[in-house]
1. With a ≥ b ≥ c taken as the square roots of the eigenvalues of the C-alpha gyration tensor of the stretch 309-355, please select rounded if a/c is under 1.5 and otherwise prolate if a/b is larger than b/c or oblate if it is not?
2. Let's test the formula: R0 of 51 Å, r as the Cβ-Cβ distance of M244 and E353. What FRET efficiency results, to the nearest 0.05?
3. How many Å² of accessible area per residue for the stretch 303-349, probe 1.4 Å?
4. Residues with beta-carbon under 12 Å from that of A87, excluding A87: net charge, scoring Lys, Arg +1 and Asp, Glu -1?
5. Going down the list K306/K355; K221/K306; K329/K355; K51/K341, which pairs span over 31 Å between their C-alpha atoms?
6. Along the Cα→Cβ direction, 7 angstrom out, place labels at T180 and K82. What is the inter-label distance in nm?
7. With θ set to phi - 60°, apply the Karplus curve 6.51 cos²θ - 1.76 cosθ + 1.60 along the stretch 261-273 and write out the HN-Hα couplings as whole Hz, x wherever there is a Gly or Pro.
8. Does the stretch 177-303 classify as rounded, prolate or oblate by the C-alpha gyration tensor (a ≥ b ≥ c root eigenvalues; a/c under 1.5 gives rounded; else a/b over b/c gives prolate, otherwise oblate)?
Amino acid sequence: MARRGENIRKRKDGRWEGRYCTQELQSGRRTVHSVYAKTYGEVREKLSIAKLSVKSASEKSDNREEICFHTAAENWLMLVNKEKKHATYMKYRTVYEKYIREEVGEILFSELTSEDLSGIFQKEEPEHLSNSVQNSISSVLKQVLDYAVWHHYLVAIPYFRPRRRMSTRPAEVLSPSEQTRLLHYLYEEMDIYKLGIVICISTGLRLGEICSLKWRDIDLKEKILSVNTTVQRIAMDGRDTKTMLLEGEPKSIYSKREVPLSDELANLLQNFRTSEGEYVINRNGPMEPRTYQFKFQKYLEYAGVKKTNFHTLRHTFATNCVNNGIDIKSLSEILGHSDVKITLNRYVHPTAEIKRMHMNTLSAIYGQFRGQ
C-alpha cells in the first residue's frame with residue numbers, strides 16, 4: 001500500500017518503491033523516475049536525496065549563464081592544462097579543434113540542441129570516423145558538458161553517438177621463423193641498440209619506455225626491471241618549435257611496474273653495463289623514439305623480416321607468454337594493463353600450432369573416455 005502524500009509503495013516482489021518527477025528544460029515534458037530499497041526507511045531516504053538533486057539542478061538552470069560552447073570548452077581546456085599531463089591536454093585540444101569547434105563552438109548553450117551535438121559524429125563519411133576517434137570526441141564532449149553544468153550552472157544536453165561496427169585489422173605478431181631470423185641478426189655483433197630490441201621482445205616494454213630506460217631502473221642482483229618513465233614527442237603551444245621530446249611518468253599508474261628479468265637477459269645487461277651515461281640506450285639523454293623506430297626497421301630489413309611497427313614486439317612477447325602457459329593475470333601486470341580484459345582482447349594471439357595442440361589434448365581425453 002502506498003504511503004499517503006509520499007509516492008511510496010510496497011511492490012509485490014517485497015521491495016519498496018518511491019517515485020518522483022523531473023521536467024525537461026527545452027520540451028517541458030515531465031518524466032517519472034523511481035528509486036527502490038528493501039525497507040520503507042531506506043527508500044524514503046533515497047527519494048529525499050533524489051528530490052534534492054532535482055531541486056539543485058533546477059536552481060542551477062535558473063542561474064545559468066548565457067555563454068557559447070566555445071567559452072566553456074576553453075575554460076575546461078585551461079583546467080586540463082593545469083591538472084593533467086601536457087600530452088593529455090594536447091590530445092583533447094586537437095580533438096576539440098578538429099572535430100567539435102567548427103560544428104558547435106559558436107552556438108549559445110541556450111540554443112544548443114541534441115541534434116547539434118549528434119551531428120558532430122555525422123559530419124564525416126561513416127567509414128572516416130573510427131571507433132577510437134568517436135570515443136575521443138565523445139570523451140571531450142562529455143567533459144565539456146559536465147564542466148558547463150557545474151561551473152556555469154548550465155543544463156546537460158544529451159546527444160546520440162551512432163554505433164558503427166568498424167572492421168579492425170588483427171594485431172601483427174612475428175612468426176616463429178621471423179623471430180628466429182631477427183634474433184640471430186640481433187645477437188650477431190650485438191651492440192646496445194640491438195640489445196634494446198632484445199629487451200623489448202623479452203619483456204614487452206613500449207617504445208617510449210625503452211627509450212627512457214635508465215641503468216638505475218635495472219636491479220641485476222634481484223633481476224628486476226622497473227618501468228618508471230616514458231618519453232614521447234608531442235605538440236607544444238606557444239613555443240618556437242612545433243614539437244618537443246618530453247620525458248615523464250608512464251601513461252597510467254598501472255604502467256609504472258616491475259618486470260622480472262630472465263637469467264639470460266640479466267647476463268646480457270651485465271655485459272653491457274658501464275659507468276658512462278645514465279640511460280641504457282642513449283647514455284646521456286632519452287633516445288628519440290622516431291630514431292629508434294627507424295633503427296628497428298633497418299634491423300628487420302637486414303634480418304629479412306617483413307616491415308612492421310615497433311609495437312609488434314610487445315604483441316609478440318605477449319603471444320609467446322600465452323603460448324608457453326603464463327597465466328593472464330601475471331601477463332597483464334607485466335604489460336602494465338589496468339584490466340586483464342585489455343590483455344585478452346588486444347595482446348593475446350594464440351598461434352595455429354597452439355590451437356592444434358589444445359585440440360589434440362582434447363582428442364586424447366576423448367580417447368581415454370573410449371578406453372583407448
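1. Oblate.
2. Once rounded, the FRET efficiency stands at 0.65.
3. With all protein chains present, the stretch 303-349 gives 47 Å² per residue.
4. Combined, the nearby Lys, Arg, Asp and Glu give +4.
5. K221/K306; K51/K341
6. For the pair T180/K82, the computed spacing is 6.1 nm.
7. Once rounded to whole Hz, the list reads 9, 6, 4, 5, 5, 5, 5, 4, 5, 4, 5, 9, 6.
8. Note, shape of the stretch 177-303 comes out oblate.
The values are calculated or read from the model by the stated rules, or taken from the named source; none is laboratory data. Computed from a predicted structure; not experimentally measured. Neighbour counts run over all protein chains shown; Cβ positions are idealised from the backbone, glycine included. For the accessible areas, the whole protein counts, side chains as well, though only heavy atoms, and no ligand, DNA or RNA atoms are used. Shrake-Rupley method; radii C 1.70, N 1.55, O 1.52, S 1.80 Å.
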